[in-house]
1. Quick one: in segment 665-676, of everything that is at pLDDT below 95 and buried (at least 22 other Cβ atoms within 10 Å of the Cβ), which residue is nearest to K825 (Cα to Cα)?
2. Could you tell me which residue of segment 31-80 is nearest to Q275 (Cα to Cα), considering only residues that are at pLDDT 95 or above and of a type in the set (K, R)?
3. Yes or no: L737 open to solvent by less than 50 Å² (accessible area, probe 1.4 Å), among the aliphatic types (A, V, I, L, M), in a loop (DSSP other than H, G, I, E, B) and more than 30 Å from K207 (Cα to Cα)?
4. Can you tell me which residues in segment 172-199 are of a type in the set (D, E, K, R) and touching a residue at least 24 places away in the same chain (Cβ under 8 Å)?
5. Kindly check whether there is at least one residue in segment 189-208 that is of a type in the set (G, A, S), closer than 21 Å to V105 by Cα, touching a strand residue (DSSP E or B) at 6+ places or on another chain (Cβ under 6 Å) and in a helix (DSSP H, G or I).
6. Only one of (1) touching a Gly at 6+ places or on another chain (Cβ under 9 Å); (2) modelled with pLDDT of 95 or more; (3) surrounded by fewer than 21 Cβ atoms within 10 Å (Cβ to Cβ); (4) under 24 Å from E710 (Cα atoms) fails for G321. Which number is that?
7. When you go through (1) among the hydrophobic types (A, V, I, L, M, F, W, C); (2) within 24 Å of the chain's Cα centre (by Cα); (3) open to solvent by 20 Å² or more (accessible area, probe 1.4 Å) one by one for F148, which number turns out not to apply?
8. Can you tell me which residue is modelled with the highest pLDDT among those in segment 859-887 that are open to solvent by less than 10 Å² (accessible area, probe 1.4 Å) and of a type outside the set (A, V, I, L, M, F, W, C)?
Amino acid sequence: MWRSGWKTRGVLRRLSGRSASLGAWRWASTTACERALLRYRVGEKIHGFTVSQVTSVPELSLTAVKLSHDSTGAQHLHLAREDRNNLFSVQFRTAPADSRGAPHVLEHTVLCGSQRYPCRDPFFKMLNRSLSTFMNAFTASDYTLYPFSTQNPKDFQNLLSVYLDAAFFPCLRELDFCQEGWRLEHEDPSDPQTPLVFKGVVFNEMKGAFTDHERIFSQHVQSRLLPDHTYSVVSGGDPLCIPDLTWEQLRQFHATHYHPSNARFFTYGNFPLEQHLKQIHEEALSKFQRIKPCTAVPAQKPWDKPREFQVTCAPDSLAAGSSEQATISVSFLLPDITDTFEAFTLNLLSSLLISGPNSPFYKALIESGLGTDFSPDVGYNGCTREAYFSVGLQGIAEKDIQTVRDLVDRTLDDIIEKGFEDDRIEALLHKIEIQMKHQSVSFGLALTSYIASCWNHDGDPVELLKLGSQVARFRKCLEENPKFLQEKVKQYFKNNQHKLTLSMKPDDKYSEKQMQLETEKLKQKVNSLSPEDKQQIYEKGLELQAQQSQPQDVSCLPALKVSDIEPRIPFTEVEVALAAGDTPVQYCTQPTNGVIYFRAFSSLNTLPEELRPYVPLFCNVLTKLGCGGLDYRELAQQVDLKTGGLAAAPHVLPDDSHLDTYEQVGVLFSSFCLDRNLPDMMHLWSEIFNNPCFEEEEHFRVLVKMTAQELSNGVPDAGHLYASIRAGRTLAPAGDLQETFGGMDQVRLMKSIAEMTDIKPILRKLPRIKKHLLNCDNFRCSVNATPQQMSQVENSVDSFLRTLSRSKKERKPVPSHVVEDPTFKPCPMKTHFLFPFPVNYVAECIRTAPYAAPAHASLKILARLMTAKFLHTEIREKGGAYGGGARLSYGGIFTLYSYRDPHSTETLQSFLKAIDWAKSGRFTQQDINEAKLSVFAAVDAPVAPSDKGLDCFLYGLSEEVKQAHREQLFAVRHEDLVDVSNRYLGAGRSTHGVALLGPDNASIAKDPSWVIR
């Protein structure tokens, strides 16, 4: 997976969010942390490694142990923490000199077989032989990272063995290079009369990546601002340069970069470090001697005057306003990221400059009305050796480019003169405090990602983790010098000559020109071939096809057994009580580390149908428009000072028993705060529910434009999800709502609203939605907190509920199946959304059986079985798509999909073949067992304390129902899988829906059964 320019904006974003954040299980003792602190001593020798540092990091409840390998110099960092979800990663500094994509193609190819595990594609095979909670690989601009995580010690050893062998002893076979990287091959490999074309997984992945305007712009910012070395090229590979990469160059790149002396090993969690070191030493490092790797990235030479460039991209058919699609940013080169305190300071400074409606650049740029949103890659980027800061606007008219430049300069002058309000700095430091306490299940992954860039350039990863001491030092600098931050702005922005102004404008012929360049490249390659070369290409195509179709002997690979899966789910106790008279509140006692998590669900079942499309917009703006006596700026300040964020999102809850009904459609409200701030957080919710402000027309317009831009920008990365939602639209009543709330209909609605000259009619809909939503009718709450906090929580929630309005009618219990549309009839529909993409996103959805139906468990196993044993080979290996597979939703919609796919109708044929394969039962008991392992890896994925009991709160799923479903999964047999394949998936058995996002297609255009949008 390519992550060039990939960043999580600043320290706050990197170590935060619901999926990657800091925290500690203070209840469950920090024994792993304490054990490591007592056990290891500097200078101690362990399995070929020497301990060089042992450091307690109490703010993250961990102990850091740094080691180096005696004979190779390989570095190892172990973070001991009482967390069952243990993680391993190894990273190599991989700084390419050109855009042929060697690091990216290598990342794919090393996972295609190794000395000890020579079968084809052991990485994907292990997805089905393991209970891993995460497995992947990433190519960044200057390093390649291979992480996995699991809660099972035996599984950890199995995966570590496969990863070590893949990284250090890969087969790197020529045919694997052709499949994963690029190749010349006949359109139909078995017919030498068909034309030669470019194929390859990475080739198609990168073609898809560069349909994303934000990614194109971000890549140009990096390459133009840092032009002297590796950052001037595309580490993932430019599709026009990838066909210049040779197999020999790939092998050479591995030999010079994938050596222990150029490696950094990372382990995290509560498994013993000694076992990890022993295995790493014996299986890999003991077979190498130290070398001096020549992989260091030299410093960028500073400029003596600013520079500017103009680039182009394809027009965005989903963007609001066809004449306002230009983008501009001003970027500044910052110091080396290995200066951890300076990086921390600049990271915080970046947040002060751009985050939220109180930031100076939000006021100056976003509220100017000149554009739709900040330019891509806005803020601090610490993913290159020297960091940089960018700010600008997208969605502007070309004539306003100079105006935006002037606004940036003027804003910097204002900041130098006036500085920042104390409350804004306090709000930012509060954010760090709450995010250090807030817990996530992917903490190890967050940490390895957070330290990767700094450690890659020989910075100290342990210093980077000491957030507490960095905050203290930051406060001291501010106390000693009140103009500390203003001086940084002057030094790094105002007086910085290494300044890039980049503008990008749409070119109607951009896609055509890119296609023409690819055609010329292909022509040049084909014209240079001799008859012998062409014959060899034909034979190699047949050989690859034969290899891809050959059954694999995977007996060499380690595997867990179904008997290794826990037979019972861990029990989560919840208590439901009525508050404020008649509102159900679910209480879940958890070790939440001093943080309180509040959720509420309000039904929209009474909302008139014509208002439903506007619910996502209502949710988006509700907490951003002001409330009570607070305007939108004051509300944003209070949210940052007192909470970890307030959010609202529409939710469709499918019925677990019937496809033609759904439980409820409503809005989920969620927030969290430190226990000392609970009264303030609940007061904010009370004001938002009772006195929301819907009069701020200008700010509402700003929020509409930003929302429309974000939706438009997200389509290239999530095309398969949009295709899946559309394909399922006509199969169940819940599907139509999902399309309304989160499908292409919503993207297009927001585009049309953003283009309105008079937005008042939309604004007037918001109070009407509020009337149906923000009250106590059909309302329920949920709280996760420690037992010590529960008494305070009960009082605060009760007080909040007593402030809410309620209808005069007596509250009736909500029936289990509350919504049924008697007019609904499932019907097949095929939709093609035309986009100027060079790749396709394809989905086919089928009505099957919802969660509580006996067949659901079999269909869930079948989806995984079809993905691993058929669709992966057909769609990715043979078809060259970046990804593809099958999945089953809770509501019973079975989806077959592909991602960044060079094919369209051919992929639909592959879906049909997959169904025929399943119906014929051409799979073994071992295949079924592997599918079960893969399904249980997802079923048993770790759940954060903040999210325990959520299934019960949203879906009413009791522990007993989940245990019964678990037993059904264990019990699935070969005949059950054949039965559900025939009963649900075959032609004429169930209603199918199809959707495709991609370029013009002649055969679809001629077919009247398709709707073209």
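The values are calculated or read from the model by the stated rules, or taken from the named source; none is laboratory data. These figures come from a predicted structure and were not determined experimentally. FYI the Cβ positions are ideal-geometry reconstructions off the backbone, even for glycines, and counts take in every protein chain you see. The area values use the complete protein model at the heavy-atom level, side chains included, leaving out ligands, DNA and RNA. Shrake-Rupley method; radii C 1.70, N 1.55, O 1.52, S 1.80 Å.
1. Of everything passing the filter in segment 665-676, V665 is nearest to K825 (Cα to Cα).
2. It comes out as K45.
3. Spelling it out, it is not the case that L737 is open to solvent by less than 50 Å² (accessible area, probe 1.4 Å), among the aliphatic types (A, V, I, L, M), in a loop (DSSP other than H, G, I, E, B) and more than 30 Å from K207 (Cα to Cα).
4. Selection gives R173, E174, D176, E180, R183, E185, K199.
5. Yes, that holds for at least one residue.
6. Among (1) touching a Gly at 6+ places or on another chain (Cβ under 9 Å); (2) modelled with pLDDT of 95 or more; (3) surrounded by fewer than 21 Cβ atoms within 10 Å (Cβ to Cβ); (4) under 24 Å from E710 (Cα atoms), G321 violates only (2).
7. (3)
8. Residues of segment 859-887 that are open to solvent by less than 10 Å² (accessible area, probe 1.4 Å), as a first pass: 859, 861-863, 865-866, 871, 875, 877, 880-881, 885.
If we keep only those that are of a type outside the set (A, V, I, L, M, F, W, C) too, we end up with 877, 880, 885.
Working: E877: 91, G880: 91, G885: 97.
So, considering only residues that are open to solvent by less than 10 Å² (accessible area, probe 1.4 Å) and of a type outside the set (A, V, I, L, M, F, W, C), the one modelled with the highest pLDDT is G885.
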